[in-house]
Structure formats: structure tokens, C-alpha cells
Amino acid sequence: MSEEKEEASFSILTIYDEPEKRRNVPESPSISSQDEHHAQSQLGEACGPPQQPPGSPRQHDLAYQEMISPQQWAPQALDRSELQAPQLSEAESEEAEPGLSSPPASEFGQPCPSPRPSEEVWSLLRAIPPVPDEVVVRQMTPRKSWKVGKLRHGKKVYSLAISSSTHHVYTCGHGYIRVWDESALRAWDHAPQAQLNLQDRQNCVLTCKLSPDERSLITGGLSQTLTLWDLAPTPRVRAQLASTGPMCYSLAVSSNAQICLACFKGFVEIWDLQNQILIRKHEVPIYGSRCVDIVGNKFWTGGEDTRLYSWDLRSYQRLQQHDLQHEILSITHDPSEEWLLVGLRMSDIVILHTHRREKFKAVLQKYVYHHNLKFASCGSYFVATLDESIHCLAAPSLQRLFQVEESTDILCCDVSSDNQYLVTGSRNSATVYQLLY
């Protein structure tokens, strides 16, 4: 069993607004310049030298270098499009003289580049047909949000989910779940399409998760049951899973929709969703069971005891323990399942690699009651809600894309998998934002 309790080993990252303004951001008094240099050097080793776009006119501009050279914790592995050779025109190939090339990569601690390709190689590259625009997948980040609607739930919205296929929103709380169709997302006083009354009206849904195919919803809360809902063609209860705990704090569903984890005080239930049977009741530290997430063959738990635990889903052995020094309020992972985000009571965001010993922390130093994290399905940004504030942050640069303030504390949030809508739940309603690119 490997345990990590090296708080000082976290590399410190900085959330910033505009790249051009980063030079004027004062250094945090709690972070020394030595720590910052150590963080950047570690990130450079993890991700390699920063890549500059070909033919950029601002190649040596200080502001441009600052935009691409800081923290790069690389939330996704390189895809095939990044490995393709560039398309060069005849003029570009003739202008590519050795004297005009960029500085050798050796000054970044990397091997020197290969010699200039021969004319035969250039002609081969020019013969490759360009990729059609319609098949190119571009990872965009939203530049701002537009508040387009309000969903009047009537009570506190403790949990919610939005489906991208139908753009239906499910708001959950005391006594019932309300279903909102797409027409309600752009209205301020639209009636819900349906209301799903809970069997016990005293029951409260505290957590919910959509299945990866968005055809079913699983809910848990103040009852000794987990409810599995079929959503199409109309929402109905498919099964009720008898749990052994009085209150379910958090749920997680595997990417293949076969396993569901339900987090209770002192233990995690591991369910086979296909056969609707309880596989195991797994004991975890009693004060380390507020949140749960599943990544591949591991799952992670955390809570009031400030420690993040990872467990093997096959042997059920504890693999790691990270002392984060502050209470853990949320855990989520990026779409590649390589990186884990952990939201803390002091609003800090801890970023850990799920397989390698790479740990980073974005320090905000603000005490919060509610901290929710949600990664966009495209992997290029994530949303962090801190009490009344919404922060949309680019990944991996941590540039703040936009910030929105609400009038009451945000209890939950979700981003549609088509990256069109952001929905937040609060005191008695949910707010809908359209993401603008």
C-alpha cells in the first residue's frame, strides 16, 4: 500500500484572467518565487516544452510566451490530430531556412530538433489531401455565458442533471423531481413538463447521476433506497435498490454504466447496475466518505477528515492517501480519466494524475460552504462553483474564461455533454446559462 502525505510536494498553479495581464498579477504572499519556479519546472518535465503555432508573428512577444509557457497539467493525452505532420504550402517550404528556425529545443532541456526534411519529404507531405472541416473535432472553450432561463423548482435544488440529447433538465430536492423540457430552458416562468413524486414525500434527493447514454437516472438521498429511473419515452421507476445506509451523500457511475458507487457515512456500496445487485459494502474512514468518484479500476473517496483515498475496485485495497489539509467537498475527473479534480473547503482545487505521482494545486484561500466541480465532456474546460460564484476555467492553462455571480449559494451544477448549457441549482430554483463560443 502506497500512502502520500507530502503537502509540500504540491506544485502551485495560478488561476489568471487575460494572458496579457499575467505580468501584472502580484505574487501571492503565501507562495514564494522558488515554489513557483519549482512548479513550472515540474510541469515542463511532465508535459515537455511549450509548442508554438507555426508562422506566429508574436513568437518572441513576452505576453505570448507567458500565455503558453505557464502551468500545463495536460488534462488529456495527445490525440491523433496533434501527431499529424503539418500541411505546408510551396512558399512556406521555401521560406523555412535554417537561419530563421526557432531556437533549439535544447534550451528547454530537450534534445535538439532533427535536420530540415529533404525536398522529397516536403513533396510527400504536400501530396497528402487536407482533412475536411466537417470531420475535424475542435476543442473550443466558451468565452462567456448568457443567462437564458430560470426553472422554478419551488424548493431547494440539492442536485440536478441535464441531458444533451433532449435538453431535458431534472431538478431534485424534497419530495419530488421536476422534469423540464427544452422550451423551459429559455423561459423565466415556464411550468415543468412533469413532476415525479417520491414514494415517501419526506424523502429528499441529495444526489443524482445520468447514465453515460443519458437514458436513465439514478438518485439517492434521505431514504434507504437508491432509485433507478428510465427516462424515455416518459420517466418511470425501473428499480429501487435497497441500501443499508440512511443517507446517501454522493453517487458515481462507471463510464460503461455497469457499476454504481453510493457513498454513505463510513462505507461505500458497490452496485451492479446491469443485474441490480449489491456487489459489496466497502468500509471507508467514517469522516472520509462525503464524496466518491470512479476512474477506471479505481475509486476515490474524501470528506471531513481532509484526506483523499484511492481504492482498487478489484481487490478493494487502499492504494493511496493524500493529506489535503482542508475538508473535501467534491471530486470529479476529466473525460480522459487521467486527471482528478478535488474541491476543498478553502476553495482550493487540487489536481492529481490518476496513475503518476503528479500533484498540483490552484490556491484561492477563501472559505466556502459549497464547492462543486464539473468537467466539460470536451475536456477543454471545467466549471467550479464557490458559494455564489461561478468560475469557468480553461484546461490546462487555468485561464478564467468567465465568472458569474448569483444572488444565493449554488448547491449543485451540471454542464450538458454537448457543451451548450450550464445549469446551477440554488435555494428554490435552477438557473440556465447558454455557453457562447
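The values are calculated or read from the model by the stated rules, or taken from the named source; none is laboratory data. Remember, it's a predicted structure, so these values are computed and weren't measured experimentally. Every residue, glycine among them, receives a Cβ derived from its backbone with ideal geometry; neighbour counts consider all protein chains shown. Please note that ligands, DNA and RNA were not included when accessible areas were found on the heavy atoms of the full protein model with its side chains. Shrake-Rupley method; radii C 1.70, N 1.55, O 1.52, S 1.80 Å.
Quick notes on this structure:
- You can think of it this way: the chain between ARG215 and SER165 has 17.1 nm of extra reach, that is 0.36 nm per residue less the Cα-Cα gap.
- Modelled label reach - GLU304, point 7 Å along Cα→Cβ, segment 316-353 residues with backbone N closer than 13 Å: 327-328
- Accessible area of segment 272-374 divided out per residue, in Å², using a probe of 1.4 angstrom: 41 Å²
- For the set ARG307, ARG357, solvent exposure ranked by accessible area (probe 1.4 Å, protein chains only) runs largest to smallest as ARG357, ARG307.
- R0 of 41 Å, Cβ-Cβ distance ARG126-ARG357: FRET efficiency to nearest 0.05: 0.40
- Tensor-based shape of segment 319-385 (alpha-carbon gyration tensor, a/c under 1.5 rounded, otherwise prolate or oblate): oblate
- Kirkwood-type hydrodynamic radius, segment 218-370: 16.0 Å, calculated from all non-identical alpha-carbon pairs.
- Sequence-distant residues sharing a close amide H with LEU319 (under 5 Å, placed H): SER310, TRP311, ASP312
- Three-way shape call for segment 366-437 based on the alpha-carbon gyration tensor, with the a/c threshold at 1.5: oblate
- Residues whose placed amide H lies under 5 Å from that of GLY221, excluding near-sequence neighbours: LEU206, CYS248
- Residues in segment 397-418 reached by a label modelled at GLU388 [backbone nitrogen below 13 Å; 7 Å Cα→Cβ]: 404-410
- Linear extension gain, VAL237 paired with ARG400, 0.36 nm per residue minus alpha-carbon span: 54.6 nm
- HN-Hα J in Hz across segment 242-247 - Karplus 6.51, -1.76, 1.60, θ = phi - 60°, x for Gly and Pro: 6, 9, 9, x, x, 9
- Overall shape: oblate for segment 222-268, with the ratio a/c of the largest to smallest alpha carbon gyration tensor axis at 1.5 or above and b/c at least equal to a/b.
- Reach of LYS147 by Cα under 25 Å, taken over lysines that are not fewer than 8 positions away in the same chain: LYS155, LYS156, LYS209, LYS374
- Area projected by the alpha carbon convex hull of segment 157-277, averaged over all directions, nm²: 7.2 nm²
- Between SER255 and ARG318, the C-beta separation translates, for a Förster distance of 25 Å, into a calculated FRET efficiency of about 0.65.
- Cα→Cβ-extended label distance, 7 Å offset, between GLN224 and SER336, nm: 4.5 nm
- Surface/4 of the Cα convex hull for segment 298-437, nm²: 8.8 nm²
- Net length gained if the chain between ASP409 and ILE279 were fully extended (0.36 nm per residue, minus Cα distance): 43.1 nm
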